[in-house]
Amino acid sequence: MSRPGDNLTEPVSVSVLHALTLDEKISLLEGVESWTTGSVERLGITPLYLTDGPHGVRKVRRNSGAFGLTDIEPASSFPTAASIANSWDPQNAWLAGAAIGRESVALGVDVLLAPGVNIKRNPLCGRNFEYYSEDPLVSGVFGAAFVEGVQSQGVAASVKHLAANSNENYRFSGDSIVDDRALREIYLRAFERIVKDARPATVMCAYNAINGTYCSDNRDLLTSVLRDEWGFDGLVMTDWGATHDRVAGVLAGCDLDMPGEVSHNRRVVKEAVLNGTLPESVLDTSVQRVLALMEWCADSGRQPTPVGPSADPTVLATQLAADGAVLLTNDGVLPLDPEAGRIAVIGEMFESMRFQGAGSSLVNPPAVVSPQAAFDARGITYRYARGYRALSHDRDSDLEREALAIATDADTVLFFGGLTDLEECEGFDRTTMALGESQTALLEALLEAGSRVVLVLFAGAPVELPMVDRLAAVLDMYLPGMQGGEATAALLFGERSPSGKLTETWTRTAAQASSAAEYDSGRTARYYESIYVGYRFHDKAGTVLAFPFGHGLTYTEFTYTDVRTTTSDGTVAVEVDIANTGDFDAAEIVQIYVRNAPSAVFKADKELRAFAKLM
């Protein structure tokens, strides 16, 4: 499918451009009522509708200028990007994108503000659940697949947030001080791959500054790199409220100001055109990009094409949730035989699973299947105790006594826990990697009492697990979307083998992160660690980790034999024979890392260069 930039020289947008007054041109370069672009009725220019959607369509019911975080239309809630990336299967990102694109069409949405492909620089970033990985290859491959899926349905994608947006605290005023190598090798590489491979219709710039210049004003970023080097010819928009200097923004190549309706911005743009500091030809180029996007959305066909399980969003959501789950540890207790022993289930998240992140990615699904509902549908026999109050860190002695009592005569205790929206959310960063005291204290009490505990986690990012060596198993569902409970039950009882692997490093504590010394220390974020982000740092430092990048267990075993390489025309091909030698069908993820030759230039010990998933 073509993208808006392909139409920039077509006569329709050009002829319309010449018919516009200066005021009308300026009005088309800003949003209206939070979610739409401007319009010019006399010329038949109708507005586009833009809305959030990394994990589902978040369309407000009343488009009256409010952001409407809760009053939103029903739409499918798919696993978050962090979960989908753990599948190491880019086709899952494509299927999710296509399904969300199809629902966008049904809801009258033209531009989906997704995917988020920022690098997970630190485990405490409150928005890490919305991003794919600490590795730019993984982020780029999954981001490109998602964009292609969305745009296959005739909906424009908006890749965000360009760039070096690695924390939520200070995000509106922060300045990321990044050296050129780190910027190119880590923080821009995923965007580059997506622009070149997936041809996104739009790109969204971040709130923060980079090396002293705000992204919305940054000509080096938005023109020299994005357009001149990478060949992007679509539309650049601001994040909502990310405009710093509107005239500088237009000169830099930032076309659309969202959410708009700022009279000062309109006035200074008009004054700049009239006094010659902003050439009208530069303004016209941005207007033409807006018109081209409108033409593309109108001409895209809007003919949904369901593919495979994506035809049924509940089936797809279940598949994605199961594929993205990571079995972190297992002493053999999993999979459970529902007939083999007494099961005690403890934890409020069994009945009220946390299935999505908080903030602008919040979706209103028509129904949510909790683990409790999935257990009951299977006729599983268990005893249940709430154990803790999820939205309170204060311990409840009555709930704890009840939980310890039902665990006394259980063969296996399933503890359902994780992070809440109060701990992990867009807009602020976490202050600790620890689970809430009400959960950790109860876990410790159960283990001290001799219970065999399986921990089932619902969290969008790593957590501290000081008791991990005493747990029988840890199944991390991340944030699995509306069918998360069904996927959880299928994995626990061996209907499916977990096959996900981590696309981020799990340190034992937040203090072990390479950026820990200065992370969130102020509005100036100094990226002292340079290219040493995630495993690139830990490999060099020899960090003793909780779980490394790429880790994940299954219910079966694989053997690798006969690794061989061939080189042709400068391309190295790697082949290996893999056999499933266990008793369960499962997928294996093959990861290829490359080590650089010795050099005077500092390099990572090794870097991921290719991966493949096979059944």
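The values are calculated or read from the model by the stated rules, or taken from the named source; none is laboratory data. Not measured: the values here are computed from a predicted model. Here Cβ is always computed from backbone atoms with ideal geometry, including for glycine, and neighbour counts include all displayed protein chains. In case anyone asks, the SASA skips ligands and DNA or RNA and just uses the protein heavy atoms, side chains included. Shrake-Rupley method; radii C 1.70, N 1.55, O 1.52, S 1.80 Å.
Just a few scattered comments:
- Relative contact order of the range 386-454, taken over Cα pairs closer than 8 Å and 6 or more residues apart, is 45 percent.
- Its Cα gyration tensor gives the range 526-576 an equivalent ellipsoid, and the semi-axes of that ellipsoid, as √(5λ) in whole Å with the largest first, are 29, 22, 8.
- One way to sum up the overall shape of the range 156-243 is the equivalent ellipsoid from its Cα gyration tensor, whose semi-axes run 19, 15, 11 Å, largest first.
- When F549, F416 are compared by accessible area of protein heavy atoms, the largest-first order is F549, F416, using a 1.4 Å probe.
- In plain terms, if you count all Cα to Cα distances in the range 337-456 and split them into 10 Å steps from zero, the share in each step is 13, 41, 32, 13, 1 percent.
- Using a Förster distance of 41 Å, the FRET efficiency for F172-K540 (Cβ separation, nearest 0.05): 0.80
- The three principal axes of the C-alpha atoms in the range 378-523 carry coordinate ranges of 52, 36, 28 Å, sorted with the longest axis first.
- Span-rule helices in the chain, defined as complete DSSP H runs reaching 20 Å or more along the axis (Cα) with Kyte mean at least 0.0: 90-106, 136-151, 280-299
- Remark on the range 143-193: hydrodynamic radius 12.7 angstrom, per the Kirkwood mean of 1/r across alpha carbon pairs.
- Our coupling estimate for the range 409-423, obtained by passing each phi through the Karplus curve with A = 6.51, B = -1.76, C = 1.60 and θ = phi - 60°, is 10, 8, 6, 9, 10, 9, 9, 9, x, x, 9, 10, 5, 6, 9 Hz, Gly and Pro reported as x.
- Expected 222 nm ellipticity per residue - DSSP helices of 4 or more, -39500 (n - 2.57), all of the chain, to 500: -8000 deg cm²/dmol
- Computed from the alpha carbon atoms alone, the convex hull of the chain holds 157 Å³ per residue.
- Kirkwood estimate for the range 246-287, i.e. one over the average of 1/r between Cα atoms, Å: 10.2 Å
- Length-normalised contact order of the chain in % [C-alpha pairs under 8 Å, at least 6 apart]: 17 percent
- Mean shadow area of the range 100-247 over all directions, Cα convex hull, nm²: 8.4 nm²
- Electrostatic bookkeeping for A321 treats Lys and Arg as +1 and Asp and Glu as -1; over the other residues with beta carbon under 15 Å from its beta carbon, the sum is -4.
- Under the criterion of Cα pairs below 8 Å and six or more residues apart, the relative contact order for the range 131-277 equals 22 percent.
- Rounded to the nearest 10 square angstrom, D398 shows an accessible area of 100 square angstrom against a 1.4 Å probe.
- Set of lysines near K270 by C-alpha distance (under 16 Å), chain-local residues within fewer than 8 positions excluded: K25
- Here the chain is treated with +1 on each Lys and Arg Cβ and -1 on each Asp and Glu Cβ, and its dipole about the Cα centre works out to around 660 debye.
- Isolated Cys residues of the chain, judged by Cβ distance under 4.7 Å to other cysteines: C125, C254, C297, C425
- Amide hydrogen neighbours beyond the local backbone of H551, cut-off 5 Å, H modeled: L502
- Pairs exceeding a 21 Å alpha-carbon distance, out of K120/K160; K196/K603; K160/K540; K59/K160; K120/K613: K196/K603; K160/K540; K120/K613.
- Computed on the Cα atoms alone, the convex hull of the range 166-304 gives a volume of 134 cubic angstrom per residue.
- Cα gyration tensor shape of the range 433-586, rounded if a/c is under 1.5, else prolate or oblate by comparing a/b with b/c: oblate
- Straight-line reach from K501: taking Cα to Cα under 16 Å and skipping same-chain neighbours fewer than 8 places apart, the aspartates and glutamates in range are D89, E134, D135, D323, D476, E557, E588.
- Residue-normalised accessible area of the chain, expressed per residue, 1.4 Å probe, Å²: 36 Å²
- Over the range 484-550, the pair-distance histogram of Cα-Cα distances with 10 Å bins from zero comes to 19, 34, 23, 18, 6 percent, rounded to whole numbers.
- Spread over its residues, the convex hull of the C-alpha atoms of the range 47-160 is 97 Å³ per residue.
- Relative packing of peptides 48-55, 164-171, 588-595, 32-39 - highest average C-beta neighbours within 10 Å first: 48-55, 164-171, 32-39, 588-595
- Positive minus negative residues near V363 (Lys, Arg vs Asp, Glu; Cβ under 14 Å): -3
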